[in-house]
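Rule-based calculations on the coordinates, nothing more; no lab input. If you're wondering where the values come from, they're calculated on a predicted model, not measured in any experiment. Cβ placement follows ideal geometry from the backbone for every residue including glycine, while neighbour counts extend to all protein chains displayed.
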């Protein structure tokens, strides 16, 4: 399952209101906002989520919103969605989780899956014990009370508490020896079957890994540095050496002994052992983690210095510092994650200002590495101030979340960087909010393309569908850039800006009253723009049709291009309510199409192909 949304109620600068929720993309989500807006608080809040073990730090007094009433506790409300493989394995619907100080209650899709695949085996455990007696383990006092409580917890089927199920299974495991000797083996097998089923099911929940800063491995370390840094992570918080040694499973004393000058048999044995462990613990799993190229990390020991050498698949050996910043970042992130017991494929990587110290090209390389991480079933959530860390052409602006703090000190999270409420000066053009939120100025804008056709859409749903279907149809991204607006009047403002900047553009309006009166006809009459050159409609209509006001009886909007039948089919196949908003519908369909879990129909493809052909033909007149 992947995280769809998390509502961080009363966590640090976040209060209890609709904008306390962050919607995450199935793959990569960027968070932008000015300094002190609360971006890091969001990552911090996400990092404290643990689905299988209570985390006391997630509910300590220091993380509760300081403006809350006395006695207020923070709560995490989480929605998870199944991926395409899980849907095929009978996990069909969304899973809802509420995490409080002592409980992690679950309803929805995972509960249904649990009741079908796990609960019968857990029920067998309870029935086995009940078949012996009311107190088969001869427990007393508090242990007996806990036994009865855990039995009741395991038999629940309206909702389950992940923490309690985990604790109950562990409680029974640690008390097997309290059963009569002749019962132990049979009960152990019954319990083992239940625990295995539970382990498989609970493994569907993702883990969170918060990388607050880019820790680094140096190319080499002198003995003095090794001795100092292996005293603990607090000594050198930006160094990965302590984590590296922890990961390979060597004691600090043994590693120091291997680095010391000399070639005693014991030292040479230690050095060979260390490189074997590096190969087992790092090189082998890293090849599954990073498949762009096959590399081997080796350690060299010479005269009181340990060096890190990377050998490529063609046999070329280079010092770590000679490899690309992108590869180093990936290797270091892998070591950091593994050293912190983050294993498996379903990980939410939380990255605070990744690559802040890297040059522009290296920052852009990180974006492709994020994509690689996400293609392995992970999610990436990162904060940034850098325009080079926002891939608007590939990922789209709808994958960016904007964060703003108001005058009372509350952090608000917006689902789109184009939300008009985040504009500090109520500016009408939709480029200003994203630029202000990221802490830039208008001279640093990165949205429009100077050397491509800028297609300006009237709304976010138009933008999302056009971006998605352009990818489905394989339209060359070198030909166009799509810019969203919020309403026909804002679309006009963006066109005015593009015109002033000397950019090539065409506005695309809905063929309805607002699109015609506030959009197209305003451009034609008041700004002398030419129809089917500088603007057009989603419907292929003539100027005569416009003047006859056929849009009143036959309006045509983006949902008509997609086709209403296509949207209804998507809702039926994915259990999505047809009453959700237009933008959310577009976003969910886009996610499903791009992930491969939903195949769009031929009529929809044909409609969009015709629309793109018209747009390009108008522009090329």
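Run the quick spin-label model on residue 52 and residue 36: label points 7 Å from Cα toward the beta carbon, then report their separation in nm to one decimal.
Using points 7 Å along Cα→Cβ, the separation is 4.1 nm.
With the convex hull built on the Cα atoms of the chain, state its orientation-averaged projected area in nm².
Orientation-averaged projected area of the Cα hull: 35.0 nm².
Would you work out the relative contact order for the stretch 448-619, in percent, from Cα pairs under 8 angstrom that are 6 or more residues apart?
The value is 24 percent.
Report the FRET efficiency, 1/(1 + (r/R0)^6), for residue 313 and residue 85, where r is their Cβ-Cβ distance and R0 is 41 Å, rounded to 0.05.
The computed FRET efficiency comes out at 0.85.
Divide by every residue of the chain the summed helix terms, -39500 (n - 2.57) for each DSSP H run of at least 4, and state the resulting mean residue ellipticity at 222 nm, rounded to the nearest 500 deg cm²/dmol.
Computed ellipticity for the chain at 222 nm equals -12500 deg cm²/dmol.
Going by how many other Cβ atoms sit within 10 Å of their own, how do 486, 456 line up, fewest first?
Sorted ascending by nearby Cβ count, the order is 486, 456.
In terms of the ratio Rg/(2.2 N^0.38 Å) built on C-alpha atoms, what value belongs to the stretch 111-203?
For the stretch 111-203, the normalised Cα radius of gyration is 1.02.
Treat the count of other C-beta atoms within 10 Å as a stand-in for reagent exposure and order 540, 224 from fewest to most.
Fewest-to-most ranking of 540, 224: 224, 540.
Along the Cα-to-Cβ line of residue 60, 7 Å from the Cα, sits a label point; which residues in the stretch 95-118 have backbone N less than 19 Å from it?
Residues passing the 19 Å test: 100-103.
Give, in nm to one decimal, the length gained when the segment between residue 184 and residue 140 is fully stretched (0.36 nm per residue of separation minus the Cα-Cα distance).
13.9 nm
What order do you get for 604, 571, 495 when you list them from fewest to most C-beta neighbours inside 10 Å?
571, 604, 495
What's the extension gain from residue 92 to residue 263 if we count 0.36 nm per residue and subtract their Cα-Cα distance?
55.5 nm
Find the percent of Cα-Cα distances in the stretch 48-116 that exceed 20 Å, and round it to a whole number.
Counting pairs separated by more than 20 Å, the tail of P(r) holds 41 percent.
Between residue 385 and residue 408, take the C-beta separation as r, use R0 = 25 Å, and let me know the FRET efficiency to the nearest 0.05.
Computed FRET efficiency for residue 385 and residue 408: 0.55.
Can you give me the three principal axis dimensions of the stretch 448-619 from its C-alpha atoms, in Å, biggest first?
Each principal axis gives a Cα extent; for the stretch 448-619 these are 46, 38, 24 Å.
Quick check: pseudo-label points 7 Å beyond the Cα along Cα→Cβ at residue 302 and residue 548, how many nm apart are they?
Taking the simple label geometry, residue 302 and residue 548 are separated by 8.5 nm.
Return the FRET efficiency for the residue pair residue 602, residue 324: r is the Cβ-Cβ distance, R0 is 35 Å, and the value is rounded to the nearest 0.05.
0.25
Can you tell me the relative contact order of the chain? Whole percent, Cα pairs under 8 Å, sequence separation 6 or more.
14 percent
Report the full-extension gain for the segment residue 69 to residue 151: residue separation times 0.36 nm, less the Cα-Cα distance, to one decimal in nm.
Taking 0.36 nm per residue and subtracting the Cα distance, the gain is 25.8 nm.
Determine the relative contact order of the stretch 163-260: mean sequence separation of Cα pairs under 8 Å and six or more apart, normalised by residue count, in whole percent.
18 percent
What are the semi-axes of the equivalent ellipsoid for the stretch 543-621, taken as the square roots of 5 times the Cα gyration tensor eigenvalues, largest first, in whole Å?
Equivalent-ellipsoid dimensions as semi-axes: 27, 17, 10 Å.
Compute the Cα gyration tensor for the stretch 1-141, then decide on rounded, prolate or oblate, letting a ≥ b ≥ c be the square roots of its eigenvalues: rounded whenever a/c is under 1.5, prolate when a/b is larger than b/c in the other cases, and oblate in all that remain.
Judged from the Cα gyration tensor, the stretch 1-141 comes out oblate (a/c at least 1.5, b/c at or above a/b).
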